[in-house]
1. Given A74, A62, A86, which one is of a type in the set (G, A, S) and out of contact with any helix residue (DSSP H, G or I) (no Cβ under 8 Å at 6 or more places or on another chain)?
2. Can you tell me which residues in region 57-73 are farther than 20 Å from V128 by Cβ and within 15 Å of the chain's Cα centre (by Cα)?
3. If L167 satisfies all but one of (1) out of contact with any helix residue (DSSP H, G or I) (no Cβ under 8 Å at 6 or more places or on another chain); (2) farther than 15 Å from I21 by Cβ; (3) modelled with pLDDT of 90 or more, what's the number of the condition it fails?
4. Assess whether P130 counts as being surrounded by fewer than 22 Cβ atoms within 10 Å (Cβ to Cβ), under 30 Å from T235 (Cα atoms) and touching a residue at least 40 places away in the same chain (Cβ under 8 Å).
5. Select from region 182-214 the residues that are touching a residue at least 12 places away in the same chain (Cβ under 8 Å) and among the polar types (S, T, N, Q) and list them in ascending order.
6. Are any residues in region 56-91 hydroxyl-bearing (S, T, Y), buried (at least 24 other Cβ atoms within 10 Å of the Cβ) and in contact with a Lys or Arg (Cβ under 9 Å, 6 or more places away or on another chain), and if so, which ones?
7. From the list G171, G159, which one is surrounded by fewer than 19 Cβ atoms within 10 Å (Cβ to Cβ) and outside any helix (DSSP H, G or I)?
Amino acid sequence: MHARTEAKLPAVTLGFWVIKILATTMGETGGDAVSMSMGLGYLTSTVVFLAIFVAAVAVQIATRRFNPAIYWLAVIASTTVGTTLADFADRSLGIGYPGGATLLLCLTLSSLFAWHRALGSIDIATVVDPRSEAWYWVTIMFSQTLGTALGDWTADSAGLGYGGAALVFAGLLALCVVAFAFTSISRTALFWTAFVLTRPLGAVVGDFLDKPLAEGGLALSRYVATFILFATLVTMVLVVPQRPARRADASPRQSPDG
């Protein structure tokens, strides 16, 4: 049996998922605010947000203990770069939502596969050193970008609208909860599935908040929506109890979920 110690990642609780959805929603409105409202465009915005993401991850990896503020800053940075990168792939590259989602799905799966090949497991309980943390954050960035593309594809190309798309992804997340409670499906697989699905849910909710009324949105200012979401997220991080995850000290190659 593995000895357990505290890790720098948060325990996966209900509060974790609520904050994650808030972060992904803010990533959508914040990314759109910079790329569209500020007029920087998708490529320039992606470069800016990618630099912030790399800096945030570097601080997270260098930190010795779990720090909720630093961890969630890195997650927020991954959602904003995911928003602009997905929009760049979908629109500026001219491959559309299906092409963008397919490309990003391949990148996410490739990251998980390469991570598993390199370290023997993609279970977050084995994220115990800078090398595994680097794989963790690369995979998160790809999964956030994939989630944005899936949200846009479902709401726009599939014609479900923001409300319909939100119901679809909320329903899929509910199925993950049911599978967790009543089946023996790998907890690692369920975690990453849910992690990806929270992103399109946040993306369509973010679009619902700031898109024009004629397109089915509430027509809120992207700046106002981003500020409200950020204030709510900060409050949640401060108020919701968060504890470090418990991790395995043994080699990742011995992880049962690998």
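The values are calculated or read from the model by the stated rules, or taken from the named source; none is laboratory data. This is a predicted model, so every value here is computed, not measured. Backbone-built Cβ (ideal geometry, glycine too); neighbour counts: all protein chains shown.
1. Of the residues listed, the single one that is of a type in the set (G, A, S) and out of contact with any helix residue (DSSP H, G or I) (no Cβ under 8 Å at 6 or more places or on another chain) is A62.
2. Step one: list which residues in region 57-73 are farther than 20 Å from V128 by Cβ, which gives 69, 72-73.
W72, L73, listed by residue number.
3. The failed condition is (2).
4. Answer is yes for this residue.
5. Within region 182-214, S186, T188, T193, T198 qualify.
6. Pass one, region 56-91, residues hydroxyl-bearing (S, T, Y): 63, 71, 78-80, 83-84.
When the remaining residues are screened for being buried (at least 24 other Cβ atoms within 10 Å of the Cβ), the result is 78-80, 83-84.
The one that is hydroxyl-bearing (S, T, Y), buried (at least 24 other Cβ atoms within 10 Å of the Cβ) and in contact with a Lys or Arg (Cβ under 9 Å, 6 or more places away or on another chain): T79.
7. The unique qualifying residue is G159.
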